[in-house]
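Accompanying notes for the structure given below.
The values are calculated or read from the model by the stated rules, or taken from the named source; none is laboratory data. Treat the numbers as computed from the prediction; the structure is a model and nothing was measured. Here the Cβ positions follow ideal geometry from the backbone for every residue, glycine too, while neighbour counts run over all protein chains shown. Please note that ligands, DNA and RNA were not included when accessible areas were found on the heavy atoms of the full protein model with its side chains. Shrake-Rupley method; radii C 1.70, N 1.55, O 1.52, S 1.80 Å.
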Amino acid sequence: MSEATLNETEVAALSRIRTLLDGQVDGTVAESLKRLPDKELGLLPLAVVGLVDLSSRFITVAAAATGRVRAAVEFLARLEAYSNIPNLLKGIPKVPAEAALTQAALTVVDDEITTEQFNGQAFGFPTSEFWGIAALAARADADVIERLRGRLVGEWVPKHLSAAEKATVRHTELVQADRSAGANPAPEAPQKVSEVKSWLANHPEPDVASLAPNADQRAAARVAAVRALTKIGTRQAFEVLKKYGTPSHSDAMLKELHVAWARFDRREFAAAMFQPRSGWLDLGESANLEGVDAIPGLTHLTVLLGKKVDLSPLAGCNGLERLVLHAFAAPGIQDITPLAELPALTELHLIGFTSGADLATLSRMPVRRLRIDLGCEAGDVLLSMPQLERLLVAGEADGEPAHPGLGQVVRQLARTGVQVVVYRHEESWVPQLVKDTEACSGLHCVSKSGYVALTTDESGLEKLTSRLFNNIVP
């Protein structure tokens with residue numbers, strides 16, 4: 001079809017579509033487009049001719065490859081339902097898409113134009129559309145995530161690429177589960193955790209090879225196999241267990257792996273089972289970190305801490321650059337002294353219960369970006385961190401107000417050039433902080449997406465606002 005062959009009615013429809021697009025396709029436009037009748041929507045490839053935004057190119061490639069313009073539009077419209085990029089990447093594994101559509105996504109994401117747009121237009125690039133299409137492309141070729149790591153620049157890129165990678169794993173698990181739905185469980189292996197105990201009772205001398213991973217294995221069966229191998233506990237069982245070592249694990253699998261970690265040699269287990277992708281690893285909830293320093297190539301680590309966890313094993317992770325510690329149960333984070341032994345640590349998140357820790361150690365660390373829940377403490381120690389550049393700080397805890405001196409500490413940090421972000425909902429101190437900041441010459445406030453930021457850099461306010469919107473803090 002060409003524009004020259006259109007009749008009068010089609011020309012009018014094409015004009016309406018171009019007006020609707022206004023130069024590009026985004027989620028809001030896609031939501032309107034999907035309501036068009038098939039005959040009018042069929043004109044969309046003509047309407048996007050010459051448009052170079054990612055979504056328009058996605059529609060063009062999808063139309064040429066499959067003729068399914070509506071499928072491409074409905075996928076783009078689906079992205080509009082998510083309030084932010086992390087939620088989008090968390091929900092996208094459940095979004096269906098035919099193989100030809102994933103191939104179209106791969107084509108446009110791998111295009112050099114996409115890299116140039118992403119790196120050259122930090123605020124104009126359609127972020128939600130990009131990350132949705134990138135996650136879709138990874139279904140066609142999981143290695144595209146690794147290629148993007150080498151191509152894209154931006155402080156939020158590693159975080160979102162890791163989430164896209166997890167989304168791909170989760171989508172594969174869901175597809176495998178659907179394929180296996182209604183099938184009879186394989187007689188040689190348990191298919192879910194609840195079957196493991198009886199299966200072991202019925203197989204006193206099991207063939208551990210029957211518990212090895214296979215292409216048609218459901219996610220629940222993988223978890224069950226790990227539990228069975230853990231209970232068997234022999235060297236032969238461990239050799240099979242090592243085949244389940246991957247760069248990314250589901251929450252259910254991580255829970256089983258932490259149980260298994262205590263059963264086998266901790267260093268050998270950690271090295272085999274936890275395989276960071278480009279240095280990034282989410283370890284899930286852990287009550288014992290012994291052996292973590294044996295994980296090869298570890299540079300970025302996230303851990304949800306149990307009630308009381310010894311952090312000393314982390315001192316051996318010499319290459320660690322970013323560490324996120326969540327402690328949502330008392331007594332929480334106790335002794336952070338071992339973290340002072342990490343020479344490369346430039347980003348640290350201390351989330352949850354931190355009041356039991358001697359935060360004076362922070363002054364001896366090379367941390368440039370810090371997120372910290374102070375738990376009503378004053379936070380004076382933050383003033384003794386000479387390399388600190390960015391800070392996200394929470395002052396309230398369990399309904400208790402922030403320390404009365406925290407506002408002064410935060411303003412003093414901001415005046416020295418530290419970019420400080422606080423939570424807007426903390427009513428006990430943030431409204432007064434904003435008021436006092438607005439009265440300070442040379443200090444500027446930005447409020448976006450539940451955050452309030454303080455900075456001396458007036459020229460960087462637009463970029464700072466974008467970071468808050470995309471939840472890129474600290």
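When you scan the range 111-169, how many residues do you find that are among the aliphatic types (A, V, I, L, M), open to solvent by 50 Å² or more (accessible area, probe 1.4 Å) and under 18 Å from Asn470 (Cα atoms)? Residues meeting the conditions: 1. With respect to the conditions (1) closer than 24 Å to Gln275 by Cα; (2) open to solvent by less than 30 Å² (accessible area, probe 1.4 Å), Thr172 falls short on a single one, namely (2).
The residues of the range 325-373 that are touching a Lys or Arg at 6+ places or on another chain (Cβ under 8 Å), open to solvent by 10 Å² or more (accessible area, probe 1.4 Å) and either among the aliphatic types (A, V, I, L, M) or more than 23 Å from Val410 (Cα to Cα) (or both), listed by number, are Ala329, Ala330, Pro331, Gln334, Ala340. Within the range 241-252, the set of residues being surrounded by fewer than 21 Cβ atoms within 10 Å (Cβ to Cβ) and assigned to a helix (DSSP H, G or I) comprises Lys242, Lys243, Asp251, Ala252. Annotation: of all residues in the range 339-381 being part of a loop (DSSP other than H, G, I, E, B) and among the small types (Gly, Ala, Ser), the one that is modelled with the highest pLDDT is Ala344. In the range 395-474, counting only strands (runs of 3 or more DSSP E) that sit wholly within it, none holds 2 or more residues that are open to solvent by 70 Å² or more (accessible area, probe 1.4 Å).
Pairing each residue of the range 201-214 that is at negative phi with any residue that is among the charged types (D, E, K, R) and assigned to a helix (DSSP H, G or I), provided the two are 6+ apart or on different chains, yields C-beta distances under 9 Å for Val208/Glu239; Ala212/Lys243; Pro213/Arg222; Pro213/Lys243. Across the range 87-99, the number of residues qualifying as open to solvent by 40 Å² or more (accessible area, probe 1.4 Å), assigned to a helix (DSSP H, G or I) and in contact (Cβ under 8 Å) with a residue 12 or more places away in the chain comes to 3. Residue selection: Ala64 fails the criterion of being open to solvent by less than 30 Å² (accessible area, probe 1.4 Å), assigned to a helix (DSSP H, G or I), within 23 Å of Asp110 (Cα to Cα) and modelled with pLDDT under 90. Filtering the range 26-44 for residues that are of a type in the set (Ser, Thr, Tyr), closer than 28 Å to Arg170 by Cα and crowded, with 20+ Cβ neighbours inside 10 Å leaves an empty set. Restricting Trp261, Trp280 to residues that are surrounded by 19 or more Cβ atoms within 10 Å (Cβ to Cβ), within 30 Å of Gly375 (Cα to Cα) and of a type in the set (Phe, Trp, Tyr) narrows the list to Trp280. Looking at (1) within 33 Å of the chain's Cα centre (by Cα); (2) over 30 Å from Val95 (Cβ atoms); (3) crowded, with 18+ Cβ neighbours inside 10 Å; (4) not aromatic (Phe, Trp, Tyr), which is the one condition that is false for Lys231? Lys231 satisfies all of (1) within 33 Å of the chain's Cα centre (by Cα); (2) over 30 Å from Val95 (Cβ atoms); (3) crowded, with 18+ Cβ neighbours inside 10 Å; (4) not aromatic (Phe, Trp, Tyr) except (3).
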